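Colleague: After the structure tokens below, expect a handful of questions from me.
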Amino acid sequence: MQKRREGLPELPNLNGRKPVLRFAPNPNGPLSFGHSRGLVINGEYAKNLGGELILRFDDTDTTVKPPMLEAYESIPVQQEWLCGFPAHRIVIASERMEQYHQYAKKMIDGGFGYVCTCSAEAFKEHRVNMTECPCRDNNVETNLNRWMKMNDPEGYQPGDAVLRVKTDMTLKNPALRDWPAARIQTNAHPRVGNRWRVWPLLDFQSAVEDYLQGVTHIIRGKDLMDSTRKQTLLYSHFGWQYPETIYWGRVKVHEFGAFSTSQMKKDIESGKFSDWDDPRLPTLSALSRRGIRPEALRAFWIELGLTQKDIAVPLSTLYSHNTKAIDINAPRLAFVRNAFPIYLEGDFPKEGLIQSHSDTEMPPRQFSIDQGVWIEEEDSGKPLRLKDLCDIDENGRVESIDRSDKRSVVHWVAGGEPSILTIASGQDLVTVEGIFESNSYPVGTIVQLERIGYAIIEKNGLLMVHD
RNA sequence: GCUUGCGUGGUGUAGUGGCCCAUCAUUUCGGGUUUUCAUCCCGGCGACCCGGGUUCGAAUCCCGGCGCGAGCACCA
């Protein structure tokens, strides 16, 4: 028999070091399911190898993806919820601007960076045709002057100039040709206001910060492969060694469809969704609210591993991991949908105890019947076995206390409370009215509704977890 | 168009030249336990994109084809 590898593959090129990993979301909204992969994979390596996990806020865009202040609070909370430990370091890019400016200047001083005043369209021509733009030949002094003009409110305006890394306009890969490192933005940043005018772009900011933080391994989506190549060119200009880099492929979850942070934000504002934890959304707060446990998310991502294949996974895979996490602690309770009353005639136990979970020592639940019980309308009209109680005919006449034949076993509620079960079904929120067995479990308890599935107790009813 | 990456059962995944007529999980089907259509247990079905080549031997190496994805933003 072959040996089967368990868990994540070994981290390459560790050479006895403690790894330093990072996860760098844009705080333009709360974390989503998609983010959880980066958090889980990087977090697991850091935890298992005694290394460090850096949580970095890449908040250098105030225009296209303006930062959301609440996200700086919620992201670390969700990171800890998901990983099971707090990040070892938190870095906020907007508070590290001095460093980035310092390295931008070093780049100009070193002659491998220049300020380019070509329009985006004009530069695109140069990129496509492998020709050098006129700005490329300017000397260091000119570039330093132009750099000052970029930083001067009286100087260049947004769109007038960018800082570029001098690579080679004849590089085979067009994405790498003299790529932009910084641009002018005049929108106020919610954290640092208008203190800065020139803001680094991802490839520059991230590259410099990884160096400053001593990041040893970068694990990220393969859509960032060209980012690695760009950054490697910058590193060699500075004489630095680029971290070991590992990629994963694209993941599609059909049930989630295509959500973007900015689209969700709009839909919440318009009232299409109640909030970021609306059960239909793929945010971590929604998943948490829906009773998806962090250990299930971790097992899910670890099982997918680090292949570069683009994959489509059904949510049932995540649910199966979640069932393993929640079943042992989920007390069994009855919820009767579309309740239908049955008056019992004959002799039967009026009070008694029923197991809450056959595999555990969980305290049993107690029932007390006055004159009848509720059953689901769909079950009515035929002889039934009331689970743990008695056999009845279609009119409620008690036929046997012990189970006498193979008739269907159904759940029932005596007394109980009217309640509502909410089910997130794609873009719809389905609600089912019913009678919920009386109990004293607190809000947040995940229970198993017999013959229905797992649900989590909320303040105003039940929310379906999954089957 | 240029660049770059991927292609193992329905869905994921293990496998880096012989231990592979291919692993494990999930889905599905059948059975068992169970007074839940749940949990748990057992079993079945089911795969190396195609074509060449290298080799005694290829899922694994090489070439070509086909298919799918991503980058080429003054977003991250």
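The values are calculated or read from the model by the stated rules, or taken from the named source; none is laboratory data. Note that the structure is predicted; figures quoted are calculated from it, not measured. In this analysis, Cβ positions are derived from the backbone assuming ideal geometry, glycine residues included, and neighbour counts consider all displayed protein chains. We work out accessible area using only protein heavy atoms, side chains counted, and drop any ligands, DNA or RNA first. Shrake-Rupley method; radii C 1.70, N 1.55, O 1.52, S 1.80 Å.
Colleague: Inside segment A:345-362, can you point out the residues that are more than 30 Å from A:Ile328 (Cβ to Cβ) and not in a loop (DSSP other than H, G, I, E, B)?
Modeller: A:Glu345
Colleague: Here's a follow-up. Which of the following residues is open to solvent by 60 Å² or more (accessible area, probe 1.4 Å) and either within 10 Å of RNA strand B (Cβ to nearest atom) or not assigned by TED's automatic domain parsing to the domain that holds A:Arg337 (or both): A:Asp370, A:Asp388?
Modeller: A:Asp388
Colleague: Please go through segment A:39-52 and pick out each residue that is over 17 Å from the mean Cα position of the chain (by Cα) and open to solvent by less than 20 Å² (accessible area, probe 1.4 Å).
Modeller: The answer is A:Tyr45, A:Ala46, A:Gly51.
Colleague: Contact list please: Cβ distance under 7 Å, first residue in segment A:340-362 and modelled with pLDDT of 90 or more and charged (D, E, K, R), second residue part of a loop (DSSP other than H, G, I, E, B) and surrounded by 12 or more Cβ atoms within 10 Å (Cβ to Cβ), pairs at least six apart or on different chains.
Modeller: From segment A:340-362, the pairs are A:Glu345/A:Gly396; A:Lys350/A:Ile369.
Colleague: Looking at (1) within 24 Å of A:Thr307 (Cα to Cα); (2) in a loop (DSSP other than H, G, I, E, B), find the lone condition where A:Lys272 falls short.
Modeller: Against the list (1) within 24 Å of A:Thr307 (Cα to Cα); (2) in a loop (DSSP other than H, G, I, E, B), A:Lys272 comes up short only on (1).
Colleague: Return yes or no: is A:Ala325 outside the structural domain of A:Leu31 (by TED's automatic domain parsing), under 30 Å from A:Ala46 (Cβ atoms) and within 15 Å of RNA strand B (Cβ to nearest atom)?
Modeller: Taking the combined requirement at face value, the residue satisfies it.
Colleague: Further, regarding this structure: From the list A:Asp391, A:Asp370, which residue is in a strand (DSSP E or B) and not hydrophobic (A, V, I, L, M, F, W, C)?
Modeller: That would be A:Asp391, the only listed residue that is in a strand (DSSP E or B) and not hydrophobic (A, V, I, L, M, F, W, C).
Colleague: Sticking with this one: Among the numbered criteria (1) more than 16 Å from A:Ile92 (Cβ to Cβ); (2) surrounded by fewer than 23 Cβ atoms within 10 Å (Cβ to Cβ), which single criterion is violated by A:Asp61?
Modeller: For A:Asp61, the exception is condition (1).
Table: residues versus (1) free of Cβ contacts under 8 Å to residues at least 40 places away in the same chain; (2) in a strand (DSSP E or B); (3) within 7 Å of RNA strand B (Cβ to nearest atom).
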site	(1), (2), (3)
A:Asp160	no, no, yes
A:Thr170	no, no, no
A:Arg183	yes, yes, yes
A:Trp196	no, no, no
A:Ile218	no, yes, no
A:Asp226	no, no, yes
A:Ser236	yes, no, no
A:Trp240	yes, no, no
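Colleague: Also, quick follow-up: What number of residues within segment A:7-49 are touching a Gly at 6+ places or on another chain (Cβ under 9 Å), modelled with pLDDT under 95 and within 11 Å of RNA strand B (Cβ to nearest atom)?
Modeller: Number of matching residues: 3.
Colleague: Another question about this same structure. When A:Lys266 is evaluated against the numbered criteria (1) open to solvent by 40 Å² or more (accessible area, probe 1.4 Å); (2) assigned to a helix (DSSP H, G or I); (3) near RNA strand B (Cβ under 10 Å from one of its atoms), which criterion, by number, is the only one it fails?
Modeller: Every condition holds for A:Lys266 apart from (3).
Colleague: Which of the residues that make up segment A:115-143 are farther than 22 Å from A:Lys172 by Cβ and either open to solvent by 100 Å² or more (accessible area, probe 1.4 Å) or touching a residue at least 40 places away in the same chain (Cβ under 8 Å) (or both)?
Modeller: A:Val115, A:Thr117, A:Ser119, A:Glu121, A:Asp137, A:Glu141
Colleague: Would you confirm, using the coordinates I've provided, whether A:Leu306 is of a type outside the set (S, T, N, Q) and outside the structural domain of A:Glu399 (by TED's automatic domain parsing)?
Modeller: So A:Leu306 passes the test.
Colleague: For segment A:431-467, enumerate the residues that are surrounded by 15 or more Cβ atoms within 10 Å (Cβ to Cβ) and of a type in the set (S, T, N, Q).
Modeller: Those that are surrounded by 15 or more Cβ atoms within 10 Å (Cβ to Cβ) and of a type in the set (S, T, N, Q): A:Ser438, A:Asn439, A:Thr445, A:Gln448.
Colleague: Just checking, does segment A:276-285 include any residue being surrounded by fewer than 18 Cβ atoms within 10 Å (Cβ to Cβ), polar (S, T, N, Q) and not in a loop (DSSP other than H, G, I, E, B)?
Modeller: no
Colleague: Can you find a residue in segment A:131-141 that is away from RNA strand B (no atom under 13 Å from the Cβ) and touching a strand residue (DSSP E or B) at 6+ places or on another chain (Cβ under 8 Å)?
Modeller: Yes, segment A:131-141 contains a residue that is away from RNA strand B (no atom under 13 Å from the Cβ) and touching a strand residue (DSSP E or B) at 6+ places or on another chain (Cβ under 8 Å).
Colleague: Contact list please: Cβ distance under 6 Å, first residue in segment A:46-71 and assigned by TED's automatic domain parsing to the domain that holds A:Val215 and of a type in the set (Phe, Trp, Tyr), second residue within 16 Å of RNA strand B (Cβ to nearest atom) and open to solvent by 20 Å² or more (accessible area, probe 1.4 Å), pairs at least six apart or on different chains.
Modeller: A:Phe57/A:Ile92
Colleague: If you don't mind, there's one more thing I want to ask. Does A:Arg229 meet the test of being within 20 Å of A:Pro174 (Cα to Cα), open to solvent by 50 Å² or more (accessible area, probe 1.4 Å) and not β-branched (Val, Ile, Thr)?
Modeller: It is true that A:Arg229 is within 20 Å of A:Pro174 (Cα to Cα), open to solvent by 50 Å² or more (accessible area, probe 1.4 Å) and not β-branched (Val, Ile, Thr).
Colleague: Can you tell me which of A:Ser404, A:Ser368 is modelled with pLDDT under 90 and more than 44 Å from the chain's Cα centre (by Cα)?
Modeller: Of A:Ser404, A:Ser368, the one residue that is modelled with pLDDT under 90 and more than 44 Å from the chain's Cα centre (by Cα) is A:Ser404.
Colleague: Could I ask something else about it? Restricting to segment A:320-334, name every residue that is open to solvent by less than 20 Å² (accessible area, probe 1.4 Å) and out of contact with any Ser or Thr (no Cβ under 7 Å at 6 or more places or on another chain).
Modeller: Correct list: A:Asn322, A:Ile326, A:Ala330, A:Leu333, A:Ala334.
Colleague: Which residues, taken from segment A:411-430, are of a type in the set (S, T, N, Q) and surrounded by 11 or more Cβ atoms within 10 Å (Cβ to Cβ)?
Modeller: Listed by number, the residues that qualify are A:Ser419, A:Thr422, A:Ser425.
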